[in-house]
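Engineer: Take a look at the following structure, please.
The values are calculated or read from the model by the stated rules, or taken from the named source; none is laboratory data. These numbers were taken from a predicted model, which means no experiment stands behind them. Cβ coordinates were reconstructed from backbone atoms using ideal geometry, including for glycine residues, and neighbour counts include every protein chain displayed. Accessible surface areas use protein heavy atoms only, side chains included; no ligands, DNA or RNA. Shrake-Rupley method; radii C 1.70, N 1.55, O 1.52, S 1.80 Å.
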Amino acid sequence: MRVDFNVPLDKQYNITDDTRIREALPTIKHVLDGGGAVILMSHLGRPLAKLKEDGTVNVEKFTLNHLTKPLADMLGTTVKFCPETVGEKATKMAAELKPGEVLLLENTRFQPEEEKGDIEFSKKLAALGDIYVNDAFGTAHRAHASTTVMAQFFPKENRTFGFLMESEIKHADKVLNNPERPFTAITGGAKVSDKIVLLERFLDLVDNIIIGGGMAYTFIKAQGGQIGNSLVEDDKVPLAIDLLAKAAAKGVRIYLPVDSIAADKFDAEANFQNVSSNTIPDGWLGLDIGEEARTDFNKVIANSKTIIWNGPMGVFEMPNFANGTKAIALAVAEATKNGAFSLVGGGDSVAAVNQLGLADEVSFVSTGGGAMLEMLEGKELPGIKAINN
Ligand code: AMP
């Protein structure tokens, strides 16, 4: 079973947020309860990008053994740890595993073959078990050995998604195929360049696109606005003009923030004022959507039946510039209460919803940042394709 146990650890290697492990428990328990034994594979961090000075892997820092005891406690069963990912010892330990027991293999990314999707390595991993389960949605967009390539060594009836992954796919499908309308996409975050494919795709999917965050200022500039020192990607201005024209031709309404909270520097303690987004004074920069924009966006959200949200409305890490994101999160929660389906996915909007304690008040919060983004962009993820084909 491929899981995503890429959890944050403190200096003493204690887990500081065990969400990812907890989310994999239902699938693990399902196999154990059904009389199976589970061999777990995961990566932890980027060990090959952070080699020790002598060029060797920093095993002490990146070993998955840090997770053995916490996992055993959470599962209430024996968890054995194998200090290699494949090899004689792994083969022996896997063969000796009894029903109800769990074997945790060493960090898949200790092996350079993992990220290369090496066939021989994948074959060795596959030989350890009878059934392949992929529950690591967060890495489903990577064609690595343990996330994708090894699936081909199992007959179709012996490879499957775990519950977490199944739920992610089901919810993404729900918004991508036959969504109830009006359908609104809310996008934000820092850069237009990161969201181009997503925005192009939304033009064919949704009725309304709300654009907030730093990326809005490239669009406002494209429309002739004075954006002061706000974040802008000048080379993307032609693209913004093109997107606005395409949206108009397709009848998709684009909403930009009419006003902004402008600050005199990029700093949590900066002075700030609510100004028109078209007339931000020189030296000032828009760090959040303004009050009128919140009301405008709120109305669109309240009238929506399907909502996708990706990216914060402002620099929400700084309390003075978090109110726009907060207002949007509350609006999405309210719309959900009134019957809309809402999916929050891809990166910082997930952090924002969690930070505000609203995760239970939206329909679905995706666990896979990049993976969900690629799914919404319409790409077929290699990890999903490998199971389905
Ligand atoms: P992304 O990863 O593209 O979703 O971008 C998220 C980041 O965008 C967060 O760290 C925000 O602080 C940042 N951000 C949002 N709005 C702005 C803004 N108006 N100016 C600069 N950065 C912003």
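Engineer: I'm told residue 178 meets every condition in (1) at pLDDT below 95; (2) at negative phi; (3) open to solvent by 20 Å² or more (accessible area, probe 1.4 Å) except one. Can you identify the failing condition by its number?
Structural biologist: (2)
Rundown of residues vs (1) touching a residue at least 40 places away in the same chain (Cβ under 8 Å); (2) within 11 Å of the ligand (Cβ to nearest atom), yes/no style:
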{"position": "208", "(1), (2)": "yes, no"}
{"position": "217", "(1), (2)": "yes, yes"}
{"position": "221", "(1), (2)": "no, no"}
{"position": "242", "(1), (2)": "no, no"}
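Rundown of residues vs (1) in a loop (DSSP other than H, G, I, E, B); (2) outside the structural domain of residue 303 (by TED's automatic domain parsing); (3) charged (D, E, K, R), yes/no style:
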{"residue": "130", "(1), (2), (3)": "yes, yes, yes"}
{"residue": "138", "(1), (2), (3)": "no, yes, no"}
{"residue": "146", "(1), (2), (3)": "yes, yes, no"}
{"residue": "178", "(1), (2), (3)": "yes, no, no"}
{"residue": "184", "(1), (2), (3)": "no, no, no"}
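Engineer: Moving to a separate point now. If I ask for residues that are within 16 Å of the ligand (Cβ to nearest atom), touching a helix residue (DSSP H, G or I) at 6+ places or on another chain (Cβ under 8 Å) and over 19 Å from residue 365 (Cα atoms), which ones from the stretch 159-199 would you list? Outline the logic, then answer.
Structural biologist: The first filter runs over the stretch 159-199 and keeps only residues within 16 Å of the ligand (Cβ to nearest atom), leaving 185-199.
Filter once more, so that each one left must be touching a helix residue (DSSP H, G or I) at 6+ places or on another chain (Cβ under 8 Å): 185-189, 192-193, 196, 198-199.
Residues satisfying the conditions are 192, 193, 196, 199.
Engineer: Another question about this same structure. Kindly indicate the residue of the stretch 101-131 that is among the basic types (Lys, Arg) and open to solvent by 70 Å² or more (accessible area, probe 1.4 Å) and also farthest from residue 79 (Cα to Cα) among those meeting that condition. Break it down stepwise before answering.
Structural biologist: Of all residues in the stretch 101-131, those among the basic types (Lys, Arg) come to 109, 116, 123-124.
From what's left, open to solvent by 70 Å² or more (accessible area, probe 1.4 Å): 116, 123-124.
On the way: 116: 29, 123: 24, 124: 21 Å.
Going through the qualifying residues, I end up with 116.
Engineer: Of 288, 348, which residue is outside the structural domain of residue 153 (by TED's automatic domain parsing) and either open to solvent by 40 Å² or more (accessible area, probe 1.4 Å) or more than 24 Å from the chain's Cα centre (by Cα) (or both)?
Structural biologist: Details: 288 fails: either open to solvent by 40 Å² or more (accessible area, probe 1.4 Å) or more than 24 Å from the chain's Cα centre (by Cα) (or both).
Result: 348 is the single residue among 288, 348 that is outside the structural domain of residue 153 (by TED's automatic domain parsing) and either open to solvent by 40 Å² or more (accessible area, probe 1.4 Å) or more than 24 Å from the chain's Cα centre (by Cα) (or both).
Engineer: Within the stretch 197-221, how many residues turn out to be over 16 Å from residue 259 (Cβ atoms), in contact with an Asp or Glu (Cβ under 9 Å, 6 or more places away or on another chain) and assigned to a loop (DSSP other than H, G, I, E, B)?
Structural biologist: Of the residues in the stretch 197-221, 1 are over 16 Å from residue 259 (Cβ atoms), in contact with an Asp or Glu (Cβ under 9 Å, 6 or more places away or on another chain) and assigned to a loop (DSSP other than H, G, I, E, B).
Engineer: Within the stretch 292-311, can you find the residues that are among the aromatic types (Phe, Trp, Tyr) and on the phi > 0 side of the Ramachandran plot?
Structural biologist: Step one: of the stretch 292-311, the residues among the aromatic types (Phe, Trp, Tyr) are 297, 309.
Within the stretch 292-311, no residue meets the criteria.
Listed here are the residues, each with its yes/no results for (1) free of Cβ contacts under 8 Å to residues at least 24 places away in the same chain; (2) closer than 22 Å to residue 204 by Cβ.
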| residue | (1), (2) |
| --- | --- |
| 340 | no, yes |
| 359 | yes, no |
| 368 | no, no |
| 373 | no, yes |
| 381 | no, yes |
| 384 | no, yes |
| 387 | no, no |
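Engineer: Quick one: in the stretch 301-338, of everything that is part of a helix (DSSP H, G or I) and under 18 Å from the mean Cα position of the chain (by Cα), which residue is farthest from the ligand (Cβ to nearest atom)? Break it down into steps so the answer makes sense when it comes.
Structural biologist: Start the filter on the stretch 301-338 by keeping residues that are part of a helix (DSSP H, G or I), which leaves 301-302, 319-321, 323-337.
From what is left, the residues that are under 18 Å from the mean Cα position of the chain (by Cα) are 325, 329.
Values: 325: 8, 329: 14 Å.
Among those that are part of a helix (DSSP H, G or I) and under 18 Å from the mean Cα position of the chain (by Cα), it is 329.
Engineer: Further, regarding this structure: Just to be sure, is residue 261 in a strand (DSSP E or B), away from the ligand (no atom under 15 Å from the Cβ) and either within 22 Å of residue 191 (Cβ to Cβ) or not assigned by TED's automatic domain parsing to the domain that holds residue 182 (or both)?
Structural biologist: no
Engineer: Please verify whether residue 274 is away from the ligand (no atom under 16 Å from the Cβ) and polar (S, T, N, Q), treating the condition exactly as stated.
Structural biologist: Details: away from the ligand (no atom under 16 Å from the Cβ): no; polar (S, T, N, Q): yes.
When the stated conditions are applied, residue 274 does not pass them.
Engineer: If the requirement is being part of a helix (DSSP H, G or I) and modelled with pLDDT under 95, which of these qualifies: 346, 357, 370?
Structural biologist: On the way: 346 fails: part of a helix (DSSP H, G or I); 357 fails: part of a helix (DSSP H, G or I).
Answer to the check: 370.
Engineer: Please state which one of 242, 173 is of a type in the set (D, E, K, R), surrounded by fewer than 18 Cβ atoms within 10 Å (Cβ to Cβ) and closer than 27 Å to residue 305 by Cα. Walk me through it before giving the result.
Structural biologist: Working: 242 fails: closer than 27 Å to residue 305 by Cα.
Checking each option against the conditions leaves just 173.
Engineer: Another question, if that's okay. So if I check each of 113, 200, 180, 168, which one is charged (D, E, K, R) and over 30 Å from residue 298 (Cβ atoms)?
Structural biologist: After ruling out the rest, the residue left standing is 113.
Engineer: Looking at the stretch 71-100 only, could you name the residues that are basic (Lys, Arg) and in contact (Cβ under 8 Å) with a residue 12 or more places away in the chain? Write out each step before concluding.
Structural biologist: From the stretch 71-100, those basic (Lys, Arg) are 80, 89, 92, 98; that's our starting set.
Result: 80, 98.
Engineer: Something else: Can you name the residue in the stretch 32-70 that is part of a helix (DSSP H, G or I) and in contact (Cβ under 8 Å) with a residue 60 or more places away in the chain and, of all such residues, is most open to solvent (accessible area, probe 1.4 Å)?
Structural biologist: Step one: list which residues in the stretch 32-70 are part of a helix (DSSP H, G or I), which gives 32-33, 59-62, 64-70.
Remaining after also requiring in contact (Cβ under 8 Å) with a residue 60 or more places away in the chain: 32, 67.
On the way: 32: 27, 67: 0 Å².
Taking the candidates together, the pick is 32.
Engineer: I'd like to verify a number: residues in the stretch 77-123 that are assigned to a helix (DSSP H, G or I) and polar (S, T, N, Q), how many?
Structural biologist: Of the residues in the stretch 77-123, the ones assigned to a helix (DSSP H, G or I) are 88-96, 108-110, 112-116, 119-123.
With the extra rule that they be polar (S, T, N, Q), the set shrinks to 91, 108, 122.
So the count comes out to 3.
Engineer: Only one of 230, 276 is open to solvent by 20 Å² or more (accessible area, probe 1.4 Å) and among the small types (Gly, Ala, Ser). Can you tell me which? Explain how you work it out, then say what you get.
Structural biologist: Numbers: 230 fails: open to solvent by 20 Å² or more (accessible area, probe 1.4 Å).
Of the residues listed, the single one that is open to solvent by 20 Å² or more (accessible area, probe 1.4 Å) and among the small types (Gly, Ala, Ser) is 276.
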